[in-house]
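Student: To start, I am sharing the structure in question, which I have written as structure tokens.
The values are calculated or read from the model by the stated rules, or taken from the named source; none is laboratory data. No experiment lies behind these values; they were computed from the predicted model shown. Note that we place each Cβ from the backbone using ideal geometry, even for glycine, and neighbour counts take in every protein chain shown.
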Amino acid sequence: MTMHVYESYRTACKNEWNAAVNHRFNQELVADTLADDVLRRYLIQDWQYTSGFYSLLGQAIASADLLSSKIRLSRQLGFISNDEDTYFHDRFEQFNVSHAELDNPQLTPSSLGITKLYADTVQTRSYADAIAVLCVAESLYLDWAQTLTNEGRNVPRKEQNLGWIRVHRDAGFKNWVDFLIQELNRLGSPNNEELKSRFARAVHWELAFFDDAYRGIGIPQDSGAIISNHDS
């Protein structure tokens, strides 16, 4: 049986993919043991490439080859500017994040890497390239949110943690990820090394982004999976 493009790309970088899914950040978030300082730092850095994500999504809309794809991509903009945006601002208020911290933070290496990857992908004007990067950004989060919560059976109680899981595993998000995977399977090829490399670079930076959440605040830096009650 021929392996689908998405599956083949994931398999090619499975070590970093699995490390990202099972990262201590995600396990601690699900277990309600994630330090506030870690989540605070993570969200401030995540916010820095929100503009780049909008641009990437806009490039995908502009370059999509089908009207139905343009419509589906456009609908996702509404979600990002509502549910996910609300979560960010609620947490910034909770953690007393100042405008200065949001406007002029010191960017981590992974934030710079993701920002550059998004910008470079926008410049390609390639729908397939945009879909490959979007696919990683979204499906990796659905994977860890599903895997570590045992498909929603074991969820955290703290709203700051539960809210982050909600926006990454509700029915609408699953539908969005399914669409991206279908598009990558339609557009890509297992032998397209350039597209596969772009996919792998996105995975690399997502893993590094979890690592960077622990840097500079006196918490050991370790991307290895921790023991979890959710392991099967």
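Student: Checking N96 against (1) at negative phi; (2) exposed (fewer than 15 other Cβ atoms within 10 Å of the Cβ), only one condition comes out false. Which one?
Tutor: (1)
Student: A further question follows. Under 9 Å by Cβ, and 6 or more places apart or on different chains, what pairs join a residue from segment 162-173 that is in contact (Cβ under 8 Å) with a residue 60 or more places away in the chain and within 13 Å of D85 (Cα to Cα) with one that is of a type in the set (K, R) and surrounded by 17 or more Cβ atoms within 10 Å (Cβ to Cβ)?
Tutor: Every condition considered, the pairs that remain are G163/R91; W164/R91.
Student: For segment 162-210, enumerate the residues that are more than 18 Å from I71 (Cβ to Cβ) and of a type in the set (K, R).
Tutor: Of everything in segment 162-210, those that are more than 18 Å from I71 (Cβ to Cβ) and of a type in the set (K, R) turn out to be R166, R169, K174, K196, R198, R201.
Student: If you don't mind, there's one more thing I want to ask. Run S98 past the list (1) closer than 17 Å to L39 by Cβ; (2) among the polar types (S, T, N, Q); (3) within 14 Å of the chain's Cα centre (by Cα) and report the number of the one that doesn't hold.
Tutor: Single failed check for S98: (3).
Student: In this structure, is L140 under 26 Å from F173 (Cα atoms), in contact with an Asp or Glu (Cβ under 9 Å, 6 or more places away or on another chain) and either without any contact (Cβ under 8 Å) to a residue 40 or more places away in the chain or of a type outside the set (G, A, S) (or both)?
Tutor: In short, yes.
Student: Out of the residues in segment 176-202 that are surrounded by 17 or more Cβ atoms within 10 Å (Cβ to Cβ), small (G, A, S) and assigned to a helix (DSSP H, G or I), state the one that is farthest from the chain's Cα centre (by Cα).
Tutor: Of everything passing the filter in segment 176-202, A200 is farthest from the chain's Cα centre (by Cα).
Student: State yes or no: is L56 assigned to a loop (DSSP other than H, G, I, E, B), of a type outside the set (G, A, S), touching a Ser or Thr at 6+ places or on another chain (Cβ under 8 Å) and touching a residue at least 12 places away in the same chain (Cβ under 8 Å)?
Tutor: Criteria not met by L56.
Student: Being touching a helix residue (DSSP H, G or I) at 6+ places or on another chain (Cβ under 7 Å), surrounded by 14 or more Cβ atoms within 10 Å (Cβ to Cβ), of a type outside the set (V, I, T) and closer than 20 Å to L34 by Cα narrows it down to one residue among A145, A128; which is it?
Tutor: The conditions single out A145.
Student: Something else about it: Go through segment 30-63 and count every residue that is crowded, with 20+ Cβ neighbours inside 10 Å and among the hydroxyl-bearing types (S, T, Y).
Tutor: Of the residues in segment 30-63, 2 are crowded, with 20+ Cβ neighbours inside 10 Å and among the hydroxyl-bearing types (S, T, Y).
Student: Can you pull out the residues in segment 146-175 that are modelled with pLDDT under 95, part of a helix (DSSP H, G or I) and among the small types (G, A, S)?
Tutor: Listed by number, the residues that qualify are A171, G172.
Student: Moving on. Against the condition within 16 Å of the chain's Cα centre (by Cα) and either on the phi < 0 side of the Ramachandran plot or of a type in the set (A, V, I, L, M) (or both), how does Q59 come out, does it pass?
Tutor: Judged against the criteria, Q59 is not a match.
Student: Sort through T33, T11 and tell me the only one that's closer than 18 Å to S139 by Cβ and β-branched (V, I, T).
Tutor: Result of the check over T33, T11: T11.
Student: Next question, about the same structure. Mind counting the residues in segment 64-93 that are surrounded by 16 or more Cβ atoms within 10 Å (Cβ to Cβ) and among the hydroxyl-bearing types (S, T, Y)?
Tutor: Residues in segment 64-93 being surrounded by 16 or more Cβ atoms within 10 Å (Cβ to Cβ) and among the hydroxyl-bearing types (S, T, Y): 2 in total.
Student: If I ask for residues that are assigned to a loop (DSSP other than H, G, I, E, B) and more than 17 Å from K158 (Cα to Cα), which ones from segment 85-98 would you list?
Tutor: Across segment 85-98, the qualifying residues are N96, V97, S98.
Student: Let me ask another. Does segment 89-105 hold any residues that are at pLDDT below 95 and under 20 Å from E206 (Cβ atoms), and which are they?
Tutor: Residue satisfying the conditions is P105 alone.
Student: Considering every residue within segment 61-75, establish whether at least one is of a type in the set (D, E) and free of Cβ contacts under 8 Å to residues at least 60 places away in the same chain.
Tutor: Within segment 61-75 (the criterion being of a type in the set (D, E) and free of Cβ contacts under 8 Å to residues at least 60 places away in the same chain), the answer is no, since none of the residues qualifies.
Student: Going residue by residue through segment 75-84, is there one that turns out to be closer than 23 Å to L207 by Cα and in a helix (DSSP H, G or I)?
Tutor: yes
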